[in-house]
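Below: the structure, in structure tokens.
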Amino acid sequence: IRTDITHIKQAEATLQESEGRLRRSQVYANIGTWDWNIQTGELYWSERIATLFGYPQGVLETSYANFIEAVHPDDRQQVIDAVGACVERGVDYNIEHRCVWPDGTVHWLLERGDVVRATDGTPLHMLGVVQDISARKRTESALAKQRSQLLKAQRLARLGNWTADLVTGELRWSEEIYRIFGYEPDSFTPSVEAFHHAVHPEDIEQVYASERRAAATGVHDVVHRIVRPDGEIRFVHELAETVRNDDGSAVCLAGTVQDVTELKRAEQAMVAAKEEAERASRAKSNFLSSMSHELRTPMNAVLGFAQLLEHDAGLDDGQRDSVHEILTAGRHLLELINEVLDLSKVESGRIDLSLESLDLCEVVRESINLVLPLAEARGIHLQQQCLQRGPVLADRVRLKQVLLNLLANAIKYNREGGSVQVELEAKAQQQMRISVTDTGQGIPAERIDELFQPFNRLDAEASGVEGTGIGLTITRRLVEMMGGVIGVDSKLGIGSRFWIDLPLETLAEVNWTNVMPASGSPACLDDMQQQTVLYIEDNLANLKLVSQLLSQRRHINLITAHTPELGLEFATAHRPGLILLDINMPRMDGYQVLRALQVDEHLKTIPVVAVSAYAMPSDIERGRAANFADYLTKPLDVTRFNAVLDRWLSRDTQSVKEELL
């Protein structure tokens, strides 16, 4: 009998094709299926399950015991309990657990299943699927780690993030924002009202204003205070941006809140410290200015009268020597006063430098000319050698102060008839070196570091050479302030070499125009008509000194006033050609007297020269700004005093008007 089985074969082929598609789908999805006969214990696995447990296909015997054995020991009881709950109580079997492969690696599996029951509820079969979710678990683990790191970073930075849904009004805070505001995380539902309630009452308008700006600009940026539940006040910085949808409508505001209390306190402390430092600096400046004045006032009388006696032809040799000793000691004391004050200014950083391009050869020449008399007195031969020319960037006045100190030391501590060599040469890194080499006794190597210590003269006190021990300290500070470096090389019995490296200025940037004093000298007062000079000064010793200084100038008629009020009366009555004016006087100081003279139509053209013991650079600058014709500091230098008088008394009335107006 022949039977047509075509439809059977077609059905088998269709079934095989369907099974093939199922296998391929399981491979692609990394899924396996299983069927457990609960009554017989027989277990069926699809071919993919063995590989999910780390075994080659067909190697692992299909049994419930082998399945449980492959589960990670820590997850095993959890799986057994889930299977039991599904079979016994009908609880969904949906569990994620680890399995341990034969090679020891750990993988994650997701299992889902359900039980087929008889009509009486007897469990017959349990069917399910297994899927490898290791990749998903690794991603979740990485995300969890990142979230943990983010939360830790927020705790450390005291920074929380928030979002405000502008459509629903919902507000979400990160855990750290709760802590910033003094609450336990998730202890209440955040709201705009709760946030505004926490803002310090004095800062709420500031917050509202920033929120209004955010509506217009899209940026919310404000620092304000908050009040915690326990009453503590903290500073926070809010920063947010508006998020818009495709049509440009604002849908969300996302931002951060950071506790910046420590930063604000540090800023407040810094401001307070700065104000305190400025107060201390002003107090120190006032003290130095006052001390300068108090020291210079008696020194004016000492040196002034000593200079008068120096030119007294009636003195015998012994008396002349005594006067010379007074002048020498007085000038040394004045030098010490000047250098102590200068050192204080340098160390407090209150020296303003005017850096400019300077022809170093020219500045060295000027400095050498100033110390020539000192060198000639000891038979010291001075030599200058410009190996290379080049402009340096420095302050002219301070650079000359540095050079004069080095040259004076090279002469003072040299041997009789010795030499001083000054050399200029270009160095690497765009620098010019100035070297001052002497032929003195030299300095022990172990004591070189002591050279720049204030008041340390390396036992030179017993040598008979005068000095303060401050000059090199000031010199080093000034060189460093001009961007330079100072150093010294010395050999005992041979001499010392002090050198300075200063930064070069590009030649193309140099302006070589120098303002030089006009040539010629003022006309001799002996050929001029008699002039009247008014001196307003409350110190009788100073009045007496100037009176004696001018007693030999027969063409000068000196009028003195010991009070400011009397001085103004004398100025109106006598219309002097020059007024000498002290600064520190009772009831009216020199600046008030000067203003009174300047507003008087008949007196404002009279040149007024300040004569003051306030000799700090700031004092002199203030005097110039007030339009004093000149500023003489006490103790008076007689030569300069006479030169200033000659300069202003030799001018005609019209030139004085042009200069002062």
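Name the single residue, out of those in the stretch 282-323 being of a type in the set (S, T, N, Q) and modelled with pLDDT of 80 or more, that is surrounded by the most Cβ atoms within 10 Å (Cβ to Cβ).
Gln307
For the stretch 243-259, a residue qualifies if it is free of Cβ contacts under 8 Å to residues at least 40 places away in the same chain and open to solvent by less than 60 Å² (accessible area, probe 1.4 Å), and the qualifying residues are Gly248, Ser249. Consider the stretch 211-242 and keep the residues that are at pLDDT below 90 and not in a strand (DSSP E or B). The one that is surrounded by the fewest Cβ atoms within 10 Å (Cβ to Cβ) is Ala216. Consider the stretch 609-633 and keep the residues that are modelled with pLDDT of 85 or more and part of a loop (DSSP other than H, G, I, E, B). The one that is farthest from the chain's Cα centre (by Cα) is Ala629.
Within the stretch 143-175, being aliphatic (A, V, I, L, M), free of Cβ contacts under 8 Å to residues at least 40 places away in the same chain and either assigned to a strand (DSSP E or B) or open to solvent by 90 Å² or more (accessible area, probe 1.4 Å) (or both) holds for Leu143, Leu150, Leu156, Leu171. Scanning the stretch 414-424 for residues that are part of a strand (DSSP E or B) and either among the small types (Gly, Ala, Ser) or loosely packed, with under 15 Cβ neighbours inside 10 Å (or both) gives a single hit, Ser419.
Among the residues making up the stretch 443-454, those that are touching a residue at least 24 places away in the same chain (Cβ under 8 Å) and either open to solvent by 50 Å² or more (accessible area, probe 1.4 Å) or within 21 Å of Ile474 (Cβ to Cβ) (or both) are Ile443, Ala445, Ile448, Leu451, Phe452, Pro454. Screening the stretch 484-527 for residues that are at pLDDT below 50 and open to solvent by less than 40 Å² (accessible area, probe 1.4 Å) and picking the one that is nearest to Ile443 (Cα to Cα) gives Val510. Of all the residues in the stretch 246-279, those that are of a type outside the set (Ser, Thr, Tyr) and outside any helix (DSSP H, G or I) number 13.
Can you name the residue in the stretch 56-82 that is outside any loop (DSSP other than H, G, I, E, B) and of a type in the set (Asp, Glu) and is also surrounded by the fewest Cβ atoms within 10 Å (Cβ to Cβ) among such residues?
Selected residue: Asp74.
Contact map, the stretch 317-330: first residue within 16 Å of Pro635 (Cβ to Cβ) and assigned to a helix (DSSP H, G or I), second residue modelled with pLDDT of 80 or more and among the acidic types (Asp, Glu), Cβ cut-off under 7 Å, separation 6 or more or different chains; pairs are Val323/Glu310; Leu327/Glu310. Of all residues in the stretch 196-210, those being open to solvent by less than 20 Å² (accessible area, probe 1.4 Å) and either of a type outside the set (Asp, Glu) or touching a helix residue (DSSP H, G or I) at 6+ places or on another chain (Cβ under 6 Å) (or both) number 4.
Pairs are defined by a Cβ separation below 6 Å, a sequence spacing of at least 6 or placement on different chains, a first member in the stretch 225-237 that is of a type in the set (D, E, K, R), and a second member that is assigned to a loop (DSSP other than H, G, I, E, B); the pairs so defined are Arg225/His200; Arg228/Gly182.
Checking each residue in the stretch 621-651 for being crowded, with 18+ Cβ neighbours inside 10 Å and either within 17 Å of Asn300 (Cβ to Cβ) or out of contact with any helix residue (DSSP H, G or I) (no Cβ under 9 Å at 6 or more places or on another chain) (or both) picks out Gly623, Asp630, Tyr631, Leu632, Thr633, Lys634, Pro635, Leu636, Phe641, Val644, Leu645. Could you list, in sequence order, the residues of the stretch 97-133 that are open to solvent by 60 Å² or more (accessible area, probe 1.4 Å), part of a strand (DSSP E or B) and among the acidic types (Asp, Glu)? Listed by number, the list holds a single entry, Asp114. Return the residues of the stretch 566-601 that are closer than 15 Å to Leu534 by Cα, open to solvent by 60 Å² or more (accessible area, probe 1.4 Å) and part of a loop (DSSP other than H, G, I, E, B); say none if nothing qualifies. Correct list: Arg575 only. If you go through the stretch 360-413 one residue at a time, how many are outside any helix (DSSP H, G or I) and closer than 21 Å to Thr473 by Cβ? Of the residues in that region, 3 qualify. Count, please, the residues in the stretch 429-442 that happen to be farther than 29 Å from Leu358 by Cβ and open to solvent by less than 50 Å² (accessible area, probe 1.4 Å). Of the residues in the stretch 429-442, 1 are farther than 29 Å from Leu358 by Cβ and open to solvent by less than 50 Å² (accessible area, probe 1.4 Å). Considering the stretch 535-565, the residues that are open to solvent by 50 Å² or more (accessible area, probe 1.4 Å) and part of a helix (DSSP H, G or I) include one that is farthest from Met299 (Cα to Cα), namely Glu565.
Just one of (1) touching a strand residue (DSSP E or B) at 6+ places or on another chain (Cβ under 8 Å); (2) more than 29 Å from Gln307 (Cβ to Cβ) fails for Val608. It is (2).
Is the stretch 83-91 home to any residue that is of a type in the set (Asp, Glu), surrounded by 12 or more Cβ atoms within 10 Å (Cβ to Cβ) and modelled with pLDDT of 90 or more? There is no residue in the stretch 83-91 that is of a type in the set (Asp, Glu), surrounded by 12 or more Cβ atoms within 10 Å (Cβ to Cβ) and modelled with pLDDT of 90 or more.
The values are calculated or read from the model by the stated rules, or taken from the named source; none is laboratory data. Predicted model, so just to flag it, every value in this text is computed and none were measured. So basically every Cβ, Gly included, is an ideal-geometry build from the backbone, and we count neighbours across all protein chains shown. Ligands, DNA and RNA are excluded from the accessible area calculation, which covers all protein heavy atoms including side chains. Shrake-Rupley method; radii C 1.70, N 1.55, O 1.52, S 1.80 Å.
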